[in-house]
Structures are given as structure tokens and as C-alpha cells.
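Engineer: Structure below; questions to follow.
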Amino acid sequence: GMDLAEAMPFNPNKSGEHGAAARTPQPGATATPSSILATGSTSTETIASAKTGDGQPLIGANAGVLPLDRARADGSGMPLTTSQGVPVADNQNTLKAGLRGPSLMEDFIFREKITHFDHERIPERVVHARGSAAHGYFESYKDHSAITRAALFSAAGKRTPVFVRFSTVAGERGSTDTARDVRGFAVKFYTDEGNFDLVGNNIPVFFIQDAIKFPDLVHALKPEPHHQMPQASSAHDTFWDFVSLMPESAHMLMWVMSDRAIPRSYRTMQGFGVHTFRLVNEQGQSVFCKFHWNPKQGTHSLVWDEAVRISGADPDFHRRDLWEAIEAGEFPEWELGVQLITEEQAASFAFDILDPTKIVPEELVPITPLGRMVLDRNPDNFFAETEQVAFCTAHLVPGIDFTNDPLMQGRIHSYVDTQLTRLGGPNFHEIPINSPIVQIQNNQRDGFHRQAINRGRVNYEPNSLAGGSPAQNGTRGFTSFPQPVAEDKVRGKPELFAEHYGQARLFLQSQTPVEQRHIAMAFRFELSRCTVSAVRRRVLALLANVDLDLANFVATGLGMEVPKPLPLALDTPIPEYEPSPALSLLVRPGETGIRTRKVAILVGHGVDAGAVRSMYQSLLADGAVPRLVGSMLGKVTGFDGQELDVEISMEAGPAVLWDALIVPDGEEAVQALARDAHAKEFVQLQYRHCKPIMVVGAGALLLQKAEIPPQLPDGSDDPGLIGTDPEDLDAALAAFKEALASHRAYARETDPPLV
Ligand code: HDE
């Protein structure tokens, strides 16, 4: 150690930290961990013990998934112990003074167990409390170093581990998955230059333009403070009061009232970074970027009436869907792409790219694909991983940088801050799910729940006793993009931020008629739940600035007149692109066809069991998930004498949990189903929610009983309604699969519903 201590410390007179020299970070001392090891540095002790193994620090040992391996625990086949490792003899009875006597204070086994239990809960996230997550990897398509030096994009085929958490925003941890809400889409990339968190949403814009309004927005959205209602819903006065007074939310309101806010699955959502980011390459050249995740599964949504009913039938609908898909080996996949925008381009737009209430239409700046993400492993433990994962917009890596978007700037502070309370102190980065796969080496020390046993006497820098290490690295380390900043301190916004309606209208006009109708119906529903008519009126005045037809539809539904539009601060410009087809959900059918789609086959005694078996096999072979659904569990015998096992009762697995329905042939079975109101309701809801229905032979009786119109309202054939004789089953099944692949026969939908 002596030679290191005597060596001249780096940057002795600090000249490199002042003036123009400060623009280039200093390369730091020459010592690197490996050179220290090679010189046999004595700055760390190396005393082997049973506890430390060989006493060597685990340099490079926590690569890949090893950080989680070291934390995994599995009690199968093991003796029960206390948390101190003491074997437990009796886990059934407390220690008492006599069989009928009082319990004793000295029962440390009981007290340890109950004390731990008493402290099992941590505060839930203040927003995004309810979520589900999975492990996977990101794979770069190629070497993208021309646009960014970020390690995860450095080579074709390079894989970076990821952990992804999807969430709702408003509801509490135990609330329902299918609430109308924005969905969080947070990705933690464990890159070889540290963790990069892309903490995005499934909607590319936001309600507000400045972080200082976030607490107001969230207070208004969450359950009202006096009675904590409603749970997981924006349909109440305080939310609409706030947004109607914040016209900057107009664009976002179009998105959250669209079917984007009721996704069919986490697997069928897009994701967006929302803010404009910067990418920076090795040469220090920078370009603005917008991050996009596009699901291979396509973009698909529920319909509102269905979403409401799913909340009762299975509040874990999205959590279960993600879990089951991954368990079944149907690994969901997304393509990550970026819109790359130069400073000059940005300056030419009619909107400000620092304004998070604006998008850059894909038709204006196309998406450059960077790579794909695959989620292929469910967590081992919900609390340890999904609950304790701490995403943070400040987790950036070299090659990616912030912009001055004032919403983004505020987030940089908030995420670390909230973890200090939620995870109990400044060492949350040591929780296995949060720790990077690279080593953490710095002089930060101590604090609650510290895990690392930092060795040696050096916990400061500059130092000579450890050869100046750990040392900064001016060439590889993170450098902020040197954007010039020189203006007066002000509280305010750029002029263009004052325009709120152009893109709201662009979004609306880019939707198909079905999607436009759903948006209008969603506004009508939400405002019908408001009790203060002045709030409704102000929302109508806001909508009048977006689209008069929309405002009229909603006003009619509320029994009101459309008031004068809200005053404009800036004239609405003609958007640079009109319309933008990429904004419709229906343009992305996906590549996975009928895989993972759930098909209920209604069966009873006397069903055509042979045909049921063959349809079942055929659907299964194509990756769909068929199940035999009946009035009760147990065996049913087909008219051909074959036995079938009913897998789920209609009570336990009602219509809304299925993507499609088949009613097979078999007079006796269908007659029996027709006497069970569950079956009638099953068919009606499948029909109302525009799902494919196939009826074979006598199965058609159930349609009549349920009063299902055989044709569309305009008299044409319903593409989602397939009737067949038993002889033509194969052709009909092919048509059914096609209908299933296209998800819904929206043409059937009427307002109000016919059935
Ligand atoms: Fe967040 N947000 N947010 N947010 N956010 C949190 O961090 C915040 C915003 C997003 O699965 C919190 O760990 C502020 C936009 C996701 O764990 C908190 C502002 C976008 C998640 C926080 C925003 C998001 C969060 C709560 C306005 C899309 C869940 C718990 C300036 C780009 C991550 C936590 C997970 C979570 C603050 C706005 C996405 C309080 C101050 C815009 C996906 O720090």
C-alpha cells in the first residue's frame, strides 16, 4: 500500500475543476480495480472466514441474474427455524403457564413471528400502486452507436436483462385491473453501464405541462378526501373540476376516454416515454428522441361494459393474463423504436417538443426500430420484486439524456424522493431487484438497512490510501449534454404551450368511427357520474373547442346544451399532419393471430362430444386456449357416449372472461342450457361485447332464446356470428378462427345496445 499512498494524488491543485477545463470531466487517477488487484493493494483486508468465503471481494461476480440468485430462498424439505436460525419445535402453540394459563412474555418464538407479521406492509406507491411485472431481455437489432453510445444498443443481438412493471395509476394496491385509467409501462434495463429506467405510460401525452401541478392533478383524480370514493375511477366531480380548469389536459382527455384506457391485456398495449429525450453518441452529437414500444400482439382493448363486469368477475384480469401467458411460454414481445428529431426540425413544428401534452405524429417523423423486448419469466416473489422495484427517471446511462421538458425535470426529483419513504431509506438500490448487474463502487456509506460490507478505511475521494480509487472516468462516465442555458430566472411557459386543442382534434379525427363513438360514450358516462352541473358545463365548453359533434353528443346524453367554448389563449394551428392513421388502435392487428385467446365451449349432457373434442384440439393446435364451460363441474356424456370433463362453470367463468364462444350441436345439451339463465346471459354478453360466436346445429336454439339478431343493424351479415350444420364444421371453424383473430365485430355495436 505504501507506493500508492506516496503517489501524487490526481488533480492536486484542482485546476481541472474550474473554468473552461470543467467542461471536460477529468479522467481520474490511473488506478482501476483490476490494476489495484494486480498490484496486490492492501487497501482491503483479505482474511478468509466461514462467513466471507475466501475473503475476496466478489469482483464481477454479480453479472447476469446472479444478483437475484444470491437472494433466492427455498424452504422445501428444510427444517423450520426462527429468523435467528434456531430450529422450531412447535409452530402450533404459544408458551403458556399451564395448559389453561396465560401466555408467557418469554415466548420469543411467538413474539418474533408476530412482530415480523405486524410490520409486513410498506406504503403503497402514491400513484401506480397496483401493478404486475415480469423479467425478460432487450435485444438490440444492430449497432446503433451512430445515434447513441448507450451500452444496450451497442451491438447486433446484444441482450440486456430487463424488469418491466405495468400498472394502473389511480387505484389502490388492491383495486381492479380493468378500471378506465392510464397504464404505467416502466422498464428497468440492467445495462453494462448501469441501470436505465424508461418509466413510461401506454399513452404518449400527459394531463399537465409542469411538474408543479402533479400533486393537484393526483389529488383531484384519487378518491375524494372526505369519504375515499370512488376507487380506481376518474368518474367523479373533483377530477373533472380540475381538468376542466386546466385546458392543457384536453389532448390527454381524448386519449384516456379512448379504448386505450381499457386495454384487453398488458400485452396488447403500446408504451411511450412521453417526454422528448436526447440520444448522444460517442462524438457528443445529440438528437432529440421519443421512445415507442409497439406490441407484437397488436393493440387491442376491452369495451367499457365488459371492463366494468370484469372488475367483478376477475379484478386480477390483467395480472392473470400476463402471468398465464408467460407460464404458457407465450412470451409477449415489443419492438422499441425512436422518433429521431433534429434541433432544426423541432424548431419548425407548430408545437413545442418540450410540451408533454403534444405528440410528434409518426407520419411526420417515422419510427426507427432499435430492438425488441421479450418478457419470458415471471417473478419468484411479488413483494420482493414487483412491490420493491424502484423505477426512477433519474436512472440514466451514458448516451441518453434529459431535455428541458418541465414535466420531466420535476420527475427527476420525485422518484428517488418517494422511494426514501416507500422503501425505508437511501439503500433501496441494494434490494436485489434494484441492484445493477455492474458493481457499485463509491464512497456513499451507511444508512438504514445497509447490505454492502464496504471494506478498508477509505470512504472519501480524493484519497491516496486507495490509490485514488474508486476513480472517476472522464472518457466512459456519464456526461451531461452541454446544452447552453442563459436566460432570466422566471416562472412561466413558452408561448406555444398555450395552445391546447389542435392535437386533441387531430387525435379524435384520426380514430375510426367506432373508436370515436367509444370516446364520446366514455365522456358521457364519466360526466353522468359528476354531480355538479357547472363542472359538466365547463367540460362541454372545453369539448366545444375540440369538436362540436363530440360536444353535442355528450351534451345530449347529459340533457344539456353545449355552452360557449372556453376562451382560447392562442389560435389553434392546423396540425402538421391530419389525420394520423397510426393513432388508431385498429391499425395494429398484431402478428400473434388467435394465440392465447380464450374460447368458451358450452357443453352439457347430450352434446356432440366428438365434435367438441376435435374443435378443442384444432384451437389448441393454433395456440388458442379453449375450455369446456358448463352449468356445473363434473362429467357430461355426449350423444355419442363419449365423456367430457367440464372445466369451468358459467358461475365461475362468466362470459366477460372469454374472447369468444362456441355452442356445439346436441339437442338435449342445448335445451338444458336454454333453461339456465347463465347460458342466455353468456350468449347475450358475448354478443353485446362484439365477440365471435359460433353455433353448430341445435346450438342455434340458444341464440334464439337469447334474442340475438341474426343480421347486423343494416341487414348485412354479421362477420362475428357463425352458424353451421355439423357437416360443415371445418369450414365454419376456419371462419370462426378468422373472426377470433380480428378480435371483435364492432359493426354489431349499437348505442344503446340491442341485446
Ligand atoms: Fe410518475 N410517479 N410522475 N409519471 N410514474 C411515480 O414513483 C411523478 C408521470 C410513472 O411501476 C411515483 O415509485 C411526477 C408521467 C410510472 O413502479 C412518483 C410526475 C409518466 C410509475 C411519480 C409524474 C409517469 C410512476 C410513485 C409529474 C409517464 C410507476 C411511486 C411531474 C411518462 C412505476 C414511484 C412503477 C410512479 C411522480 C408523471 C409514469 C411519485 C412528480 C408523465 C409508470 O415518484
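Engineer: Could you please give the count of residues in region 659-672 that are out of contact with any Pro (no Cβ under 7 Å at 6 or more places or on another chain) and buried (at least 24 other Cβ atoms within 10 Å of the Cβ)?
Structural biologist: Qualifying residue count, region 659-672: 7.
Engineer: Could you please find all residues in region 448-501 being within 30 Å of Pro356 (Cα to Cα), part of a loop (DSSP other than H, G, I, E, B) and of a type in the set (A, V, I, L, M, F, W, C)?
Structural biologist: Listed by number, the residues that qualify are Phe478, Phe481, Val485, Ala486, Val490.
Engineer: Taking Gln704, is it surrounded by fewer than 16 Cβ atoms within 10 Å (Cβ to Cβ) and either assigned to a helix (DSSP H, G or I) or more than 39 Å from the chain's Cα centre (by Cα) (or both)?
Structural biologist: yes
Engineer: In region 135-166, what residues are outside any loop (DSSP other than H, G, I, E, B) and either free of Cβ contacts under 8 Å to residues at least 40 places away in the same chain or not assigned by TED's automatic domain parsing to the domain that holds Cys392 (or both)?
Structural biologist: Start the filter on region 135-166 by keeping residues that are outside any loop (DSSP other than H, G, I, E, B), which leaves 135-140, 151-153, 159-166.
Residues satisfying the conditions are Arg159, Thr160.
Residues checked against (1) surrounded by fewer than 19 Cβ atoms within 10 Å (Cβ to Cβ); (2) within 16 Å of the ligand (Cβ to nearest atom); (3) β-branched (Val, Ile, Thr); (4) over 23 Å from Ala522 (Cα atoms):
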| site | (1), (2), (3), (4) |
| --- | --- |
| Arg130 | no, yes, no, no |
| Ala134 | no, yes, no, yes |
| Thr148 | no, no, yes, yes |
| Leu152 | no, no, no, yes |
| Gly157 | yes, no, no, yes |
| Val164 | no, yes, yes, yes |
| Asp177 | no, yes, no, no |
| Gly184 | no, yes, no, no |
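Engineer: Looking at region 722-742, which of its residues are surrounded by 20 or more Cβ atoms within 10 Å (Cβ to Cβ) and touching a residue at least 60 places away in the same chain (Cβ under 8 Å)?
Structural biologist: Scanning region 722-742 gives Leu729, Leu733, Phe736, Lys737, Ala739, Leu740.
Engineer: Just for helices (runs of 4 or more DSSP H) wholly inside region 278-364: which have at least 2 residues that are of a type in the set (Val, Ile, Thr) and farther than 17 Å from Pro204 by Cβ?
Structural biologist: Passing ranges, in order: 304-313.
Engineer: Could you go through region 212-225 and let me know if any residue there is among the acidic types (Asp, Glu), more than 16 Å from the ligand (Cβ to nearest atom) and either outside any loop (DSSP other than H, G, I, E, B) or surrounded by 24 or more Cβ atoms within 10 Å (Cβ to Cβ) (or both).
Structural biologist: Looking through region 212-225, at least one residue is among the acidic types (Asp, Glu), more than 16 Å from the ligand (Cβ to nearest atom) and either outside any loop (DSSP other than H, G, I, E, B) or surrounded by 24 or more Cβ atoms within 10 Å (Cβ to Cβ) (or both).
Engineer: Taking the condition aliphatic (A, V, I, L, M), assigned by TED's automatic domain parsing to the domain that holds Gly312, at pLDDT 95 or above and out of contact with any Cys (no Cβ under 9 Å at 6 or more places or on another chain), does Val243 pass?
Structural biologist: yes
Engineer: Write out, first by first residue and then by second, each pair whose Cβ atoms fall under 6 Å of each other, whose residues are 6+ apart or on separate chains, and whose first residue, in region 414-431, is in the same structural domain as Phe214 (by TED's automatic domain parsing) and part of a loop (DSSP other than H, G, I, E, B) while the second is more than 10 Å from the ligand (Cβ to nearest atom) and of a type in the set (Phe, Trp, Tyr).
Structural biologist: Cβ pairs passing all conditions: Gly424/Phe448; Gly425/Phe448.
Engineer: I've got another one for you. Of the residues Ser301, Ser249, Ser311, Ser265, which is in contact with an Asp or Glu (Cβ under 6 Å, 6 or more places away or on another chain) and under 30 Å from Val535 (Cβ atoms)?
Structural biologist: Result of the check over Ser301, Ser249, Ser311, Ser265: Ser301.
Engineer: Considering only region 448-475, state which residues are exposed (fewer than 13 other Cβ atoms within 10 Å of the Cβ) and more than 21 Å from Pro426 (Cα to Cα).
Structural biologist: Arg457, Thr475, listed by residue number.
Engineer: How many residues, within region 512-527, are farther than 22 Å from Pro247 by Cβ and not charged (D, E, K, R)? Even if it seems obvious, please write down each step before you answer.
Structural biologist: Of the residues in region 512-527, the ones farther than 22 Å from Pro247 by Cβ are 512-515, 517-518, 521.
Okay, now just the ones that are also not charged (D, E, K, R), so 512-514, 518, 521.
Result for region 512-527: 5.
Engineer: May I pose another question? Quick check on Gly399: is it under 22 Å from Leu279 (Cα atoms) and either more than 11 Å from the ligand (Cβ to nearest atom) or not polar (S, T, N, Q) (or both)?
Structural biologist: It is true that Gly399 is under 22 Å from Leu279 (Cα atoms) and either more than 11 Å from the ligand (Cβ to nearest atom) or not polar (S, T, N, Q) (or both).
Engineer: Here's a follow-up. Identify, by number, the condition in (1) within 12 Å of the ligand (Cβ to nearest atom); (2) not in a strand (DSSP E or B) that Phe242 doesn't meet.
Structural biologist: The single condition Phe242 does not satisfy is (1).
Engineer: Sticking with this one: Quick check on my filter: what residues within region 495-521 are closer than 28 Å to Leu570 by Cα and under 26 Å from the mean Cα position of the chain (by Cα)? Step through it out loud before you land on a result.
Structural biologist: Initial filter on region 495-521 (closer than 28 Å to Leu570 by Cα): 495-511, 516, 519-520.
Passing the criteria: Gln503, Ala504, Leu506, Phe507, Leu508, Ser510, Gln511, Gln516, Ile519, Ala520.
The values are calculated or read from the model by the stated rules, or taken from the named source; none is laboratory data. Just so we're clear, the structure is a prediction, and the values are computed from it rather than from any experiment. Counting neighbours? That spans all protein chains shown, and the Cβs are built from the backbone with ideal geometry, glycine included.
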